[in-house]
Amino acid sequence: MKSSIILGFWESCSFVWKDSSMMNFVLEELKGSDEDIFNKHFGEKVNKNKKNNNISKIKKNSEQCKINYNTNNKASCSLNSICDDDGIEEIELTKDEWDRIVKEIISRCEKAVLDTLKSVNLEMNDINKVIMIGGSCQIKEMSSAMEKLFGKEKIVNSEGVGKQQAVAMGACLEADRIANSKNMYSIEESSLIPIGIEASFNDESFIYPLIKLDQQPPYEKTVPIKTVLNHQKTFDIKLYKGESEKVKENNYITTFKLDNLPNKNAGEVEANLTVKYTGGKLEVTGFVTTPKGYENSTKKTVSVEVKM
């Protein structure tokens, strides 16, 4: 008997666009066209608030450019209110660039589909229907790619279900389940959320993954950490869930604090950090390993609930 499985691609697709492929294309084209103008509006010497405002405008205009091209097979990204005094009004999106960007989206979504099926031991033939949910799923090339994977007859088109309505209905069902503490619409955990800690190198912060997408609970991993300051008294370890390497694009879970570190210079104090995940519960343990003799006095364990 086949299972009734619905695969929603909005999450896989949206993080690709949050990855700013279209926006990066516009910025690269502007820089290649006139580097002086690019530096004037987006360079390191630009005031941070002004630079962020320009980036926000580019992001918004890039999104509209994506929608226009998908509809009309041609589009340009407007640079009005940014570079209009410099004689550059727009950046044209060519078919070659569109194909390159869309190819990346499709590749990542196909991988997400295959990884999801593998994680729950299902085959393509086990899927009854595929509902394409979210704005990026309206890209024509995306629909074609999913038809090739599953078969055209399994794809539920816009006549069968409203894409935005489906998102709203799902959110309402989940809200009702939480509010009434019922399991009528329970979501069984079938794959693990990636979990990592915030790290930094050369003043750049990033996510160091501890638990990856294809690993199933229960799972446990231990990593060594060192002090970076002289006479450092505390390790403050921030944990996140999500797939991006960028800290701001992940969801914060908690901060694990390991106190009472030995009074030593930077790099002379080492500790083990162990993260254990067992289906909804995250357990973090840490203790000093170098110098010797501080394990018992510094050992600490914290447990937090992590929802899908």
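Name the residue, out of 72, 183, 128, that is over 27 Å from the mean Cα position of the chain (by Cα) and at pLDDT below 80.
After ruling out the rest, the residue left standing is 183.
I'd like to check something: does segment 77-90 contain any residue that is under 24 Å from the mean Cα position of the chain (by Cα) and modelled with pLDDT of 80 or more?
no
Anything in segment 265-308 that is of a type in the set (S, T, N, Q) and touching an Asp or Glu at 6+ places or on another chain (Cβ under 7 Å)? List them, or say none.
Once the filter is applied, which keeps residues that are of a type in the set (S, T, N, Q) and touching an Asp or Glu at 6+ places or on another chain (Cβ under 7 Å), segment 265-308 yields 274, 289, 290, 301, 303.
Restricting the first residue to segment 66-81 and requiring it to be closer than 17 Å to residue 105 by Cβ, which pairs with a second residue that is of a type in the set (Gly, Ala, Ser) and outside any strand (DSSP E or B) meet a Cβ separation below 8 Å and a spacing of at least six or different chains?
Pairs found: 67/135.
Across segment 113-147, which residue is farthest from residue 66 (Cα to Cα) among those that are in a loop (DSSP other than H, G, I, E, B) and of a type in the set (D, E, K, R)?
Going through the qualifying residues, I end up with 123.
For segment 76-112, enumerate the residues that are touching a Leu at 6+ places or on another chain (Cβ under 8 Å), in a strand (DSSP E or B) and surrounded by fewer than 18 Cβ atoms within 10 Å (Cβ to Cβ).
76, 90
Let me confirm something: among 277, 252, which residue is free of Cβ contacts under 8 Å to residues at least 60 places away in the same chain, closer than 30 Å to residue 108 by Cβ and of a type in the set (Ser, Thr, Tyr)?
Step by step, each of 277, 252 is checked, and only 252 is free of Cβ contacts under 8 Å to residues at least 60 places away in the same chain, closer than 30 Å to residue 108 by Cβ and of a type in the set (Ser, Thr, Tyr).
Applying the selection to segment 273-308, what residues are of a type in the set (Gly, Ala, Ser) and more than 23 Å from residue 251 (Cβ to Cβ)?
Correct list: 293, 297.
If a residue has to be in contact with a Ser or Thr (Cβ under 8 Å, 6 or more places away or on another chain), surrounded by fewer than 16 Cβ atoms within 10 Å (Cβ to Cβ) and more than 17 Å from residue 284 (Cβ to Cβ) to count, how many in segment 227-263 make the cut?
Total satisfying the criteria: 0.
The values are calculated or read from the model by the stated rules, or taken from the named source; none is laboratory data. Small disclaimer: the values here were computed from a predicted structure and weren't measured. With ideal geometry, Cβ positions are generated from the backbone for all residues, glycine too; neighbour counts draw on all protein chains shown.
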